[in-house]
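**Q** So that we are looking at the same thing, I have put the structure below in structure tokens.
Readers should treat all values here as calculations from the given coordinates under stated rules, not as data from a laboratory. A quick note: this is a predicted structure, and the numbers were derived from the prediction, not measured. Every residue, glycine as well, gets a Cβ built from its backbone with ideal geometry; the counts of neighbours run over all protein chains shown.
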Amino acid sequence: MSSASEDYLYRFLFEEFGVRGEFVRLDASWKAVQERHDYPGWVKPALGQTLTAVTLLSGTIKFKGSLTLQLKSESDIQSLIAQATEQRTIRGMAQFVETPQANSDDMAGLLGDARLILTTEAPNGERYQGIVAVEGGDVVKSVEQYFEQSEQLPTRLWMAGNDDAFAGLFLQRLPQSEIEGEDWSRVCVLADTIKDQELLTLDVETLLHRLFHEESVRLFDPEPVAFRCSCSRERVANTLVSLGEGEVTQILEELGSISVDCEFCNANYRFDAIDAAALFKEAESAPPQVQ
């Protein structure tokens, strides 16, 4: 049996009818996100849910490159961003007001009416974006709503979490499946019996047996999940080169140096005049890229 403290994404399939599922528990990766920023307690639940949701979505949406789930709001929690790659590396961040107007325990009030934006970006820069309106500040309901509106796929999620770990269960009817409505309803009713503590502590085999022991469920090999930020000094350097030597020189004359902070992992990248000169010299000597 797998350890409940490990970060893994599991996929499973109901073999007798067209429903697929996933289960994920984020432990070290969720703690790594929290270590990068001192998020207040009233922000963490929504951020943890968003990070859990994008991890689950990375296992069901076909993409190459990155998958970004963002909720944008005019309320106290202004933005939640979680990103996953096809290698199951994840990162996340939140933007929020300093003093919330809503009750700190009222996630619906803290997030308010929002827009859910789901973006896939391929390595070649090709992007696909889907947007749905979200009412009532519910991360779980917003993801279910996205699949219902954009993909016409009935989908259900269950999540639980705290400062130590977050976990999520995902069920979805397979596209163009012949599943009877009563089969889909039955597995959802069974999943509705899950308790938060069970999601957070039971290993996946025990969890699936407890919920669906009368069904034929095939569990696939686990896929490890890890926190990893895609920022790097090289990527920042490429951005500076794209600005042009004149603009970078002007910034350096005004500020003395260029300092860039990654909003996801809080890493800092600093470039002075000597660094900038070396960047543009290297760019001039680089061979032209073949189109």
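**Q** Would you list Ile258, Ile274 from fewest to most Cβ contacts within 10 Å? Kindly include the intermediate steps, with their values, before the conclusion.
**A** Working: Ile258 18, Ile274 8.
Lowest to highest Cβ neighbour count: Ile274, Ile258.
**Q** Spelling out what I want: for every residue of the stretch 11-17, take phi, set θ = phi - 60°, compute 6.51 cos²θ - 1.76 cosθ + 1.60 (Karplus), and round to whole Hz; glycine and proline get x.
**A** 10, 9, 9, 7, 6, 9, 7
**Q** Another one. Net charge within 11 Å of Gln83 by Cβ-Cβ distance, Lys/Arg positive one each and Asp/Glu negative one each, not counting Gln83 itself? Please report the intermediate quantities before stating the final value.
**A** Values: positive: Arg91, Arg228; negative: Glu121.
In short, +1.
**Q** Summing +1 for each Lys or Arg and -1 for each Asp or Glu, what net charge is found among the other residues whose Cβ lies under 10 Å from the Cβ of Glu6? Write out the running numbers ahead of the final one.
**A** Values: positive: Arg25; negative: Asp7, Asp27, Asp203.
Within the 10 Å Cβ shell, the charges total -2.
**Q** Turning to a different aspect of this structure: Between Ser79 and Glu215, what FRET efficiency comes out of the Förster formula 1/(1 + (r/R0)^6) with R0 = 41 Å and r the beta carbon distance, rounded to 0.05? Kindly include the intermediate steps, with their values, before the conclusion.
**A** On the way: r = 39 Å, r/R0 = 0.95.
For Glu215 and Ser79, the calculated efficiency is 0.55.
**Q** While we're here: Taking the Cα centre of the stretch 29-149 as origin and charging only Cβ (+1 Lys, Arg; -1 Asp, Glu), how large is the dipole, in debye to the nearest 20? Present the calculation step by step, with values, prior to reporting the outcome.
**A** Values: 11 positive and 15 negative charges, 122 e Å.
So the magnitude is around 580 debye.
**Q** Now, a different point. Which is farthest toward the positive dipole end of the stretch 233-285 among Leu243, Tyr269, Ser257, measuring Cα position about the Cα centre, with Cβ charges +1 (Lys, Arg) and -1 (Asp, Glu)?
**A** About the Cα centre, the residue reaching furthest to the positive side is Tyr269.
**Q** State the cysteines of the chain left without a partner when partners are defined as other cysteines whose beta carbon lies under 4.7 Å away.
**A** Isolated Cys, the chain: Cys188.
**Q** Calculate how steeply helix 233-243 sits against the longest principal axis of the alpha-carbon atoms of the chain, using the helix alpha-carbon long axis, and give the answer as 0 to 90 degrees to the nearest 10.
**A** Roughly 60 degrees between the two axes.
**Q** For the stretch 126-167 and the stretch 73-104, compute the distance between their C-alpha centroids and round to whole Å.
**A** Going from one Cα centre to the other spans 14 Å.
**Q** What is the total of Lys pairs in the chain with C-alpha atoms under 23 Å apart, excluding same-chain pairs fewer than 8 positions apart? List each step's numbers first, then the result.
**A** On the way: Lys31/Lys44; Lys31/Lys195; Lys44/Lys72; Lys44/Lys141; Lys44/Lys195; Lys62/Lys141; Lys72/Lys141; Lys141/Lys195.
The result is 8.
**Q** Here's something else I'd like to know. Which one, [x] 14.6; [y] 16.7; [z] 18.3, gives mean projected area of the Cα convex hull in nm² as derived from the coordinates shown?
**A** So the calculated entry is the one marked [z].
**Q** Given Cβ point charges of +1 (Lys, Arg) and -1 (Asp, Glu) and nothing else, what value in debye, to the nearest 20, does the dipole of the chain about its Cα centre take? Write out the running numbers ahead of the final one.
**A** On the way: 25 positive and 48 negative charges, 86 e Å.
The calculation lands at about 420 debye.
**Q** Over the chain, what relative contact order in percent results from Cα pairs under 8 Å that are six or more residues apart? Each step should come with its number before you reach the end.
**A** Numbers: 544 pairs, mean separation 64.8, N = 291.
Value for the chain: 22 percent.
**Q** Okay, which of the stretch 13-28 sit inside 20 Å, backbone N to the point 7 Å along the Cα-Cβ direction of Asn162?
**A** Zone members listed by number: 24-28.
**Q** Right, another one. Angle between the Cα long axis of helix 181-191 and the longest principal axis of the chain, 0 to 90 degrees, nearest 10?
**A** That helix lies at roughly 70 degrees to the long axis.
**Q** Further question: Among Thr89, Met159, Leu56, which residue has its Cα positioned farthest towards the positive end of the charge dipole of the chain, with +1 placed on the Cβ of Lys and Arg, -1 on the Cβ of Asp and Glu, and the dipole taken about the Cα centre?
**A** It is Thr89, whose Cα lies furthest towards the positive end.
**Q** Would you pull out the residues with amide H under 5 Å of Gly65's amide H, same chain only if 5 or more places away, H placed 1.01 Å from N?
**A** Distant-sequence amide H within range of Gly65: Glu86.
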